[in-house]
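Read the structure below first, then the notes.
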Amino acid sequence: MLFELAITLATTFMAPIQNKPAPAKTQVIYVKETKEPCTGVAPMECLQIKGVNDADWSNLYTNINGFKYVPGYRYKLRVRITPVKNPPADAPNIKYTLTKVLEKKRIRTSNQLTGILNKKWVLVQMDDANISDGKTWLEFDAANKRVSGSAGCNRTMGSFTSAGNNITFSKMAGTLMACPDRDIMQREGAFQQHLGDQTFKYEVVGSNVNLLQNGKTVMQFNLQPKGSTSGNAGITGKKLTLTQLNDESISNSGVWIELDAKKKNFHGKGGCNGISGGYTMAGNKVSFTRGVSTMMACPDADVMRRESTFQQLLGGHSFTYSVEGQTVTFSQNGKAVMQFAIEDPSPDSKQWAFIASKKWNVIKMNDATLTNAGMWIEFDTDKKRFHGKGGCNSISGGYNATKEEIKFSAVISTRMACPDATAMRRESEFIKLLSENAYRYDVADQTLNLYKDGKIIVMFGMQDK
């Protein structure tokens, strides 16, 4: 019915002769208690709606003006559906406006565990110590009763069972790679020991899940979308286009920001006016200063209202952020308040064909100039892998590159003892610089340079293979 109504309105509006705008229609609709992933101009989550006589739910790719959606509640709404004159390309040609909430009913799921097993569990607290680097996490395969993830440096895996509010881990194992960071290595050991053949009572508090023994919280995890990236995931230097504000899904918003890692400032558009300000970042937390904007009057009242809401929400506030694919989510107190689509340029194929054809020797690391250090890497662009030497041991890992940024996975190395203590220390530093770090890069003359905050961290000299 909703689809037929939308077609009728669109057809009426697009008729060749238009003496006056098509009239608004009033409609009663239901809104489901959960959103579903969908793709409009970018990946997003859509409200699920249906008419009174409809059997199936359908995606709503726009927002309902005046409606504040709360997950877990099913709504019956009376809305006014109005044709939009001359909508932008790819934008909806009808506008929904709430006139009255007829019913709001709490819908409880039968099994809370099912929902949280579909999430990525990122460790944020263990034994009263707060953890913010996002390197320790778990994901679950509910069908096969398997669990896997990262203990911090090494991969971890095992089995689990559940009964009531209890979850039991068993047969936990992990890889045995030597980790360059001693603190993470110690935390990894404690994490593996906590999980091994242990039963916990679990409780869900907002977007966190606590694992308890004898009434005390042993570990706390933040629930994030599967496949998401925690920690400093490299959201700088990219155009972030707003797709959701509070509970409103937005398409073609014209609202975007870009973070400059070197200058520690941001700039963008509020929808009508230009905006700018400063920011700081630590782990997976980003804090914005009060921004400034131009003062142009916007002809569209809805755009003006949204711009004001966006600036008030952003300026002077801090957020936890997570990255899932090409989507960045800003959250406060465990609740998503803003969501952005990443515009991430593809790497230059010709440049990377050149990079892959060469051997790259480390000639500068941090502020130290090196000669004949025996430290080098080569790239395999087909497999998105690299390998080389840390000076004593062989190293390898994965990487992903955009046009301006490269991000390395955790580095794997052999564990041979090196007779030269200086070479051993330098190798450990090199592995730590590469492992799970992102850099801006360029190729200048005969060097490949990795930058962080405008400073060259590693410089490689070119050599024919």
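The values are calculated or read from the model by the stated rules, or taken from the named source; none is laboratory data. Quick caveat, the model's predicted, so the values are computed rather than measured. Neighbour counts are summed over all protein chains in view; Cβ atoms, including those assigned to glycine, are modelled from backbone coordinates with ideal geometry.
Just to check your reading of the model, which residue among Ala373, Ala341 is crowded, with 16+ Cβ neighbours inside 10 Å and part of a loop (DSSP other than H, G, I, E, B)? Please lay out each step first, then the result.
On the way: Ala341 fails: part of a loop (DSSP other than H, G, I, E, B).
Being crowded, with 16+ Cβ neighbours inside 10 Å and part of a loop (DSSP other than H, G, I, E, B) holds for just one of Ala373, Ala341, which is Ala373.
Checking Pro37 against (1) at pLDDT below 85; (2) assigned to a loop (DSSP other than H, G, I, E, B); (3) not aromatic (Phe, Trp, Tyr), which single condition isn't satisfied?
(2)
Out of all the residues in the range 166-198, which are at negative phi, part of a strand (DSSP E or B) and surrounded by fewer than 15 Cβ atoms within 10 Å (Cβ to Cβ)? Spell out how you get there, then give the answer.
Here is the first cut: in the range 166-198, the ones at negative phi are 166-170, 172-196, 198.
Next, only the ones that are part of a strand (DSSP E or B) stay: 166-170, 172-174, 198.
Scanning the range 166-198 gives Asn166, Thr168, Ala173.
Would you check which residues across the range 413-458 are buried (at least 19 other Cβ atoms within 10 Å of the Cβ), among the hydrophobic types (A, V, I, L, M, F, W, C) and under 22 Å from Asp181 (Cα atoms) and list them?
Phe430, Ile431, Leu433, Leu434, Ala438, Leu450, Val458
For the range 397-412, enumerate the residues that are within 21 Å of Gly149 (Cβ to Cβ) and among the polar types (S, T, N, Q). Show your work before the answer.
The first filter runs over the range 397-412 and keeps only residues within 21 Å of Gly149 (Cβ to Cβ), leaving 397-400, 407-412.
Of everything in the range 397-412, those that are within 21 Å of Gly149 (Cβ to Cβ) and among the polar types (S, T, N, Q) turn out to be Asn400, Ser409.
Starting from residues that are of a type in the set (Phe, Trp, Tyr) and under 28 Å from Val205 (Cβ atoms), keep the ones in the range 283-337 and report whichever is surrounded by the fewest Cβ atoms within 10 Å (Cβ to Cβ). Don't jump to the end; show me each part of the working.
Here is the first cut: in the range 283-337, the residues of a type in the set (Phe, Trp, Tyr) are 288, 310, 319, 321, 330.
Keeping just the survivors that are under 28 Å from Val205 (Cβ atoms) gives 288, 319, 321, 330.
Details: Phe288: 21, Phe319: 19, Tyr321: 23, Phe330: 23.
Of everything passing the filter in the range 283-337, Phe319 is surrounded by the fewest Cβ atoms within 10 Å (Cβ to Cβ).
Which residues, counting only those in the range 149-164, are exposed (fewer than 14 other Cβ atoms within 10 Å of the Cβ) and modelled with pLDDT of 85 or more?
Within the range 149-164, just Thr161 meets the criteria.
Check the range 374-387 and report whether any residue there is touching a residue at least 24 places away in the same chain (Cβ under 8 Å) and out of contact with any strand residue (DSSP E or B) (no Cβ under 8 Å at 6 or more places or on another chain).
Within the range 374-387, the first condition is being touching a residue at least 24 places away in the same chain (Cβ under 8 Å), and the residues that meet it are 374-381.
Applying the additional criterion that residues be out of contact with any strand residue (DSSP E or B) (no Cβ under 8 Å at 6 or more places or on another chain) yields 381.
Looking through the range 374-387, at least one residue is touching a residue at least 24 places away in the same chain (Cβ under 8 Å) and out of contact with any strand residue (DSSP E or B) (no Cβ under 8 Å at 6 or more places or on another chain).
So, of the residues in the range 97-136 that are in contact with a Phe, Trp or Tyr (Cβ under 6 Å, 6 or more places away or on another chain) and of a type in the set (A, V, I, L, M, F, W, C), which turns out to be surrounded by the fewest Cβ atoms within 10 Å (Cβ to Cβ)?
Per the criteria, the residue is Leu98.
Could you tell me whether any residue of the range 212-227 is among the hydroxyl-bearing types (Ser, Thr, Tyr) and either surrounded by fewer than 16 Cβ atoms within 10 Å (Cβ to Cβ) or within 30 Å of Asn65 (Cβ to Cβ) (or both)?
For the range 212-227, residues among the hydroxyl-bearing types (Ser, Thr, Tyr) and either surrounded by fewer than 16 Cβ atoms within 10 Å (Cβ to Cβ) or within 30 Å of Asn65 (Cβ to Cβ) (or both): absent.
When the residues of the range 130-157 are filtered to those that are in a strand (DSSP E or B) and in contact with a helix residue (DSSP H, G or I) (Cβ under 7 Å, 6 or more places away or on another chain), which remaining residue is nearest to Tyr321 (Cα to Cα)? Reasoning before the result, please.
Let us first name the residues in the range 130-157 that are in a strand (DSSP E or B), namely 130, 136-141, 146-151, 155-157.
If we keep only those that are in contact with a helix residue (DSSP H, G or I) (Cβ under 7 Å, 6 or more places away or on another chain) too, we end up with 136, 140, 151, 156.
Details: Thr136: 16, Phe140: 22, Ala151: 21, Thr156: 24 Å.
Checked the range 130-157; the qualifying residue nearest to Tyr321 (Cα to Cα) is Thr136.
How many residues are crowded, with 17+ Cβ neighbours inside 10 Å and over 16 Å from Val328 (Cα atoms) if we restrict to the range 255-265?
1
So how many residues does the range 269-315 have that are assigned to a strand (DSSP E or B), in contact with an Asp or Glu (Cβ under 9 Å, 6 or more places away or on another chain) and small (Gly, Ala, Ser)?
Of the residues in that region, 2 qualify.
For residues that are of a type in the set (Gly, Ala, Ser), touching a residue at least 40 places away in the same chain (Cβ under 8 Å) and over 30 Å from Ser251 (Cβ atoms), tally how many sit in the range 334-367. Lay out the reasoning, then the answer.
Here is the first cut: in the range 334-367, the residues of a type in the set (Gly, Ala, Ser) are 334, 336, 341, 346, 349, 353, 356-357.
In the following step, the residues that additionally are touching a residue at least 40 places away in the same chain (Cβ under 8 Å) were identified as 334, 336, 341, 346, 357.
From what's left, over 30 Å from Ser251 (Cβ atoms): 357.
Qualifying residue count for the region: 1.
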